[in-house]
Structure formats: C-alpha cells, structure tokens
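The structure appears right after this line, and notes come after that.
What follows draws every value from the coordinates through simple rules; no lab data is involved. Note that the coordinates shown come from a computational prediction; the quantities given were computed from them, not determined experimentally. Quick reminder, even Gly has a Cβ in these numbers, built from the backbone with ideal geometry, and neighbours come from all protein chains shown.
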Amino acid sequence: MHAKRRSVERCMRRAVERVTIWWRREWLCVSRTGFAASARCAPHESQGARQAAELMGKQKVSYFHDADSIGSYYYGPGHPMKPHRLQMTHNLILSYHLYKKMEVFRPHLATADEMMAFHSPEYIDFVRRVTPDNQHDFAKQLQRFTVGDDCPVFDGLYDYCRVYSGGSIDGAIKLNHGVCDVAINWAGGLHHAKRSEASGFCYINDIVLGILELLKHHPRVLYLDIDIHHGDGVEEAFYTSDRVMTVSFHKYGDYFFPGTGDTKDIGVKSGRYYSVNVPLRDGINDETYQRIFVPVISKVMEVYRPTALVLQCGSDSLSGDRLGCFNLSVRGHGECVKHMLGYKLPTLVLGGGGYTMRNVARCWTYETAVVLGEELQDELPYNEYYEYYAPDFTLHFPTNPTMENLNTRQYIDSVKQQVLENLRLLQGAPSVSMDVMPDLLQPHVNTNENPDARAASSGAQNPAEFYDEA
C-alpha cells in the first residue's frame, strides 16, 4: 500500500513539474488591456471539437486557473478566507481527469485600467501601492477604503486581485466571441467589493468587471448568486440599470453579514424591479431550496429573457461551512447550476465564499463535472490533498440531520409570493440599442513590448501536460 502511494506521489510530482504555458500554439492574442481569442490563431481542431460537443449534447468549456500563484496567497493567521482552497479544487479536478474535457487557460493579470472600469482610480492606486510593510503610511486610506480586519493587507495583495479578476474578464471575452459556451473561474466571485471599498474578504469585484465585458456584446445579463451572503456589491453596481438583473438567494436577518437583501430591495430608476432578493433562514435543505429556487428562476427567465448568464457559486451555503448556517448538500448546490445550464445561454461560472476547504473543493469539482456533463465516482481518487478528506474520502458528504430548518412552508410561500409579485410588475425585457462594438478579435499590440515576454504572459495550458497517459 505504501509503495503504491509513493508511486502515485511520484507521478503527481512529475505531473506538476510538467505543467507548462502552452503559448506556442498561439491560442490567444495578447495586448496590454487583456486578450481575446483570434480567428487567425485558433487551434485547427476547435470547430470540429465544437461540432462534436454539440452532437453529444455537451457544451464547450473554458477553464481558468493560475497554478503558479493563486493558491499561495495568505490572508493571515486565523482568517477564514484561504485561497489555498483553490489549489485543492484544481488538484481534485485534475485527479478526476476533468481537464481532458475542457480547454485550460492561465488567466492574464488584469490591468489597472481594466479594474478601473468599475473601481475608482484612487482605490486602485491604493490597492496597488499598499503592502504589509508600508501600511502604517496609509492610515487614512485604510479607514476610507475599509481595509483592515476582514480585508487585511497581505503580501501580494495587488497581484492576487489581478489574477482572479483577469480570469473573470477572460472568461467573459471568450463567451462574447463564441470561443466557449461556458467559462469557469473558481478564483472569482468576490461579490462584496464596492467601487471604492473593500468588503467581506473582497477587494476587487471581478463579477462586475466580467458583466461589464459581457454587456459589450449582450443586451441583457442575468446575475445569479447562491452564496449564503447577499451579493450586495454586484447589486449596488447595477442598482439603477435594467441591462443587468441581479438575483440573490441568501441568509437574511439576525445581523448576518452584510445585512442587506430584503425582498423590498428591488432597484431604483431604470433598475426598478431588476434587483431580486430571496431572503432565507437558517437550516434550509435541498428540498426547500429547490421549492423556491425553481419558480423564482422560471419567472425571471420568462420576464427578463437574458442573453448571457453569470453564476456566483459560493459554497458557504453548504452544510457544515465554517461561516454558514444552511444545510445544503453538494448535489443540492449543484442542482442549481444544472438547472441554469439547461437554458443554454453563454454562462460565466464563478466561485465565491466557502470556508471549509475540503467541502469547497468537493463542491466546485462536482460542479465542474456538472458543467461538463460528466458523472464522477463518489470515492475520491488519490490526490495531493487526500488526507484533508478524512475520514470518508468521498466526494459527497452527509448534511446535518439534526439541524432545524427554520424555513417553514408558510415562510417560503410568503417570500415566493412577494418576489413573484415584484417580477409581475416588470413591463417586459428591456429593448437595448447596441452600439457597434470594436473588433476585439484584433487587439492593439504595443510593438515596443518584448514579444517573448508578451507571449509568455498568458495562454492556454495544454491539457496533455498535466499527466502522463498511463
């Protein structure tokens, strides 16, 4: 048994060593402001792969992950947000061989200009310059931008924000140009950040950046949030707009963070009735969640008719989460993702909260399989973090059978009635006159840049480089 384990560990080490940036095949064109897939540099098999996927009834998926850095950032001792969960998720996805079913990319580092599409220049400049060593020189800014205990200054903060934001922007660009049907960035989904304010462990609101990118090509974008916390940052960003409908299912009341998201919060001006909030109570289980989720989403799709979809899949709504108080199973959480994929819209799938790391990895690996239309065995394959999943070493774990579900049928019916009544007051999906969009397929390239550095800065990671074929 020990010999077998050592052999597997050697294979895993070789696999990690062989991960390379697959920029030589030039799947992507790179510019200072990001990258977009180019028709002239697309792989020859893409059209055939797309046709095969359509014949099989499966969607073409792009997956974004920076294996070199994202899991190594550290908020500090005792902080519940642990980016290491992203490395655990990625490792489990590799161990299930799901990488073979999708195109894997390393995201570009979002630029200051890209982040300033939403955030204020002063805030971005602060995030760029502040470090643990010099933060005492920024006392006023720390208070102004609410950076402190929940959102601490840590080593590499700015690059961390650039990585997870870049993945969401890149995913939106690929969706805009039909390179994929679904784009996944589990590092994204940080939904609390405001224009000039860090909040709830979130510094840059990558979701807003991704939606703004989608709005360049799509008249109406639906944002759906199943994190246990209200998606207040995204709602606030589009509170006066009818081009984005925000829908959030979350715990509300008992001073639970962030304290917003009542059914009466519906948007203002042009955005009136385009903010949809579904406040829930402790202990909600799969059955109760679906009883309100399905009718609300069905009505949303009927009246709004979105042309693109953004899913925030915060896994702190799972049973047993360190900061959560819901009682959802991995399957129940994934059922929401499966339901939304059934609408066959260009979809950006993002992470979010989740503070019991082993369950975060289980959930997002399962939902990666849901996106791919793959069935996974419950027994976990051996992986680098295998011991974290003790004592059962399974993908699915039991919910809490003794946890009381405070969401009575009467309460759920009352909330559902209020939400559906608000949706009935909509006059129909807004008609948007779209401006002629610039040709993002041919981005500007600074000829003064070092072309080698430019090419190596991002690109697809060859799935074949993850493992030797046995």
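Annotations
- Straight-distance crosslink candidates among lysines, where the alpha carbon sits under 26 Å from LYS251 and sequence neighbours closer than 8 are dropped: LYS82, LYS194, LYS264, LYS299, LYS338, LYS416
- Projected area averaged over orientations for the range 94-149, convex hull of C-alpha atoms, nm²: 6.7
- For the peptides 153-166, 281-294, 218-231, 72-85, the ranking by packing is 218-231, 153-166, 281-294, 72-85, with the highest mean count of neighbouring Cβ atoms within 10 Å listed first.
- Estimated inter-spin distance, SER69 and ASP137, nm [label 7 Å along Cα→Cβ]: 2.2
- Oblate is the label for the range 359-434. Its Cα gyration tensor axes, ordered a ≥ b ≥ c, give a/c of at least 1.5 and b/c at or above a/b.
- Descending by average beta-carbon neighbour count within 10 Å, the peptides 197-210, 259-272, 133-146 line up as 197-210, 259-272, 133-146, the highest first.
- Length added when fully stretched, LYS269-ASP159, from 0.36 nm per residue minus Cα-Cα: 35.9 nm
- Cα-based shape type of the range 76-213, given that a ≥ b ≥ c are square roots of the gyration tensor eigenvalues and the cut on a/c is 1.5: oblate
- Highest to lowest packing among 112-125, 237-250, scored as the average C-beta count within 10 Å: 237-250, 112-125
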